[in-house]
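Here is the structure we will look at.
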Amino acid sequence: MLRQSKSPLLSLPGAVPAEGPDEGVAAHYGDLFREQRALAGGAGFVDLSHRDVLTVTGSDRLSWLHLLVTQHVSELPAGQATEALILSPHGHIEHALYLVDDGETTWMHVEPGTREALIAYLESMKFFYRVEVADRTDDIAVVHLPAGSIAETPEGVVARETSHGREVFLPRADLPAFAAAHGPAAGILAYEALRVEAHRPRLGLETDHRTIPHELGLIGVAVHLQKGCYRGQETVARVHNLGKPPRRLVFLHLDGSEVTLPAHGAPVRLASDGPEGRQLGFVTTSARHYEQGPIALALVKRNVPVDAALLVGEGTAAAQEVVVEP
């Protein structure tokens, strides 16, 4: 798996390195809740320079991508942000792409360490199309500006404008100057806490080898139901028209008296069954929120009652909110 080198912003005062999939950037800069409050108020930025960056150029780029991804992108207007998935032949999520086209080039950022497999797949599908795929991770870094930020995008730089903020494709050499001009810096833990609060799933955390888009509420977000054929479409259409997904994403309010957060993969059970009861799901991401306290996302079996009290891990009480309807 390819890894990007450490961000130069790890030299900022108070920076504590992140671990796991976010290795290479700061987990926080000394005050997690202050950093969350700043982002929620539209101030500061988040260093996402560990994410992989790809571009696609050529006159066929949008029509070609349209054949491969779950989103309708053949007529994507310049500057309009969108999300798309690449599925397996059986409809399981393999890649999540966060896209914008500038009129000449399609830019995307994807999960750290996934670009090698993604590029290999895209290259295998080029055939006679006039497209070129490039790995831009070494020279382009992604920086997140929160919703409400009054910071200006540097001239000549591409950005994705979304409801939760702006993602700037910044020349990597400009990271230190950008940080000096647009601070305070917030770490990835603050960004992740707000992501969990917003119920936004993330590849590799909210997904496993058998996740289908319906389980995460991605139909209509990253999956367009009225477009032509793409790999995995049969599963998407069948589940949408004839059935229900086997699991569903839920948001959890966790017992605030616990010292540690449940880890990714911690089992979820019915509280009435106790800590030895049958596992009905697992925690995907947990976080400490500056207002709501400990929170989490989890994947549970579809038939778990929406009003059922749950137990997480070794016995942490959890109340659920519906994200995906059963």
### Message
Can you give me the long-range amide H partners of Ala27? Hydrogens built in the peptide plane at 1.01 Å from N, cutoff under 5 Å, separation of 5 or more residues or another chain.
### Response
Val16, Ala18, Ile188
### Message
Can you list residues from other chains, or at least 5 along the same chain, whose modelled amide H is less than 5 Å from the amide H of Lys126?
### Response
none
### Task
Just order 74-87, 264-277 by mean Cβ neighbour count inside 10 Å, highest at the front, would you?
74-87, 264-277
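Rounded to the nearest 5, what % of DSSP beta bridges with both residues in the chain are antiparallel?
If I count the DSSP bridges inside the chain, around 95 percent turn out antiparallel.
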### Task
Rounding to the nearest 20 debye, state how big the charge dipole of the chain is about its Cα centre with +1 on each Lys and Arg Cβ and -1 on each Asp and Glu Cβ.
740 debye
### Message
Per-residue counts of other Cβ atoms within 10 Å, averaged by peptide: what ranking do you get for 141-150, 14-23, 217-226, highest first?
### Response
141-150, 217-226, 14-23
### Cα gyration tensor shape for the chain, rounded if a/c is under 1.5, else prolate or oblate
oblate
### Task
Would you list, by chain and number, the lysines whose Cα falls below 25 Å from the Cα of Lys301, excluding same-chain residues fewer than 8 positions away?
Lys244
#### Entry: Selection from His224, Leu261, Val283, by position along the positive dipole direction of segment 207-326 (Cβ)
His224
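Counting other Cβ atoms within 10 Å, which chymotrypsin sites (Phe, Trp or Tyr not before Pro) in segment 118-216 have at most 11 and lie in a DSSP loop? Write out the running numbers ahead of the final one.
Details: sites: Tyr121, Phe127, Phe128, Tyr129, Phe169, Phe178, Tyr191; in loops: Phe127, Phe128, Tyr129.
For chymotrypsin sites (Phe, Trp or Tyr not before Pro) across segment 118-216 that sit outside H, G, I, E and B with at most 11 neighbouring Cβ atoms in 10 Å, the list reads Phe127, Phe128.
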### Query
At what distance in angstrom do the alpha carbon centres of segment 16-90 and segment 232-267 lie from each other?
21 Å
### Query
DSSP loop GluC sites (Glu not before Pro) in segment 95-188 with at most 13 other Cβ atoms within 10 Å of their Cβ, which ones?
Glu104, Glu152, Glu155
### Message
Just to check I understand the Karplus step: with θ = phi - 60° and J = 6.51 cos²θ - 1.76 cosθ + 1.60, what whole-Hz values come out for segment 305-317, glycine and proline as x?
### Response
x, 5, 9, 6, 6, 10, 10, 10, x, 7, x, 6, 5
### Student exercise, segment 1-97 dipole from Lys, Arg, Asp, Glu Cβ charges, in Debye to nearest 20
160 debye
### Query
From the backbone phi of segment 293-303, what are the Karplus-calculated ³J(HN,Hα) couplings (6.51 cos²θ - 1.76 cosθ + 1.60, θ = phi - 60°) in whole Hz, Gly and Pro given as x?
x, x, 9, 7, 10, 8, 9, 10, 4, 4, 8
### Query
If you add up the charges near Thr153, with Lys and Arg at +1 and Asp and Glu at -1, over every other residue whose beta carbon is less than 13 angstrom from its beta carbon, what do you get?
-4
### Task
Lys and Arg at +1, Asp and Glu at -1: add these up for the other residues within a Cβ distance under 13 Å of Glu75 and post the number.
+1
### Query
Distance in nm between label sites at Ser88 and Glu161, each 7 Å beyond Cα in the beta-carbon direction?
3.9 nm
#### Entry: Sparse-neighbourhood loop sites, trypsin sites (Lys or Arg not before Pro) in segment 125-202 - DSSP loop, at most 15 other Cβ within 10 angstrom
Lys126, Arg130
### Query
Say each of Asn241 and Lys227 gets a label point 7 Å from the Cα, pointing the same way as Cα to Cβ; how far apart are those two points in nm?
1.9 nm
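Every number here is computed from the coordinates shown, using simple stated rules; none is lab data. Quick caveat, the model's predicted, so the values are computed rather than measured. A quick note on method: Cβ atoms are made from the backbone with ideal geometry, for glycine too, and the neighbour counts reach across all protein chains shown.
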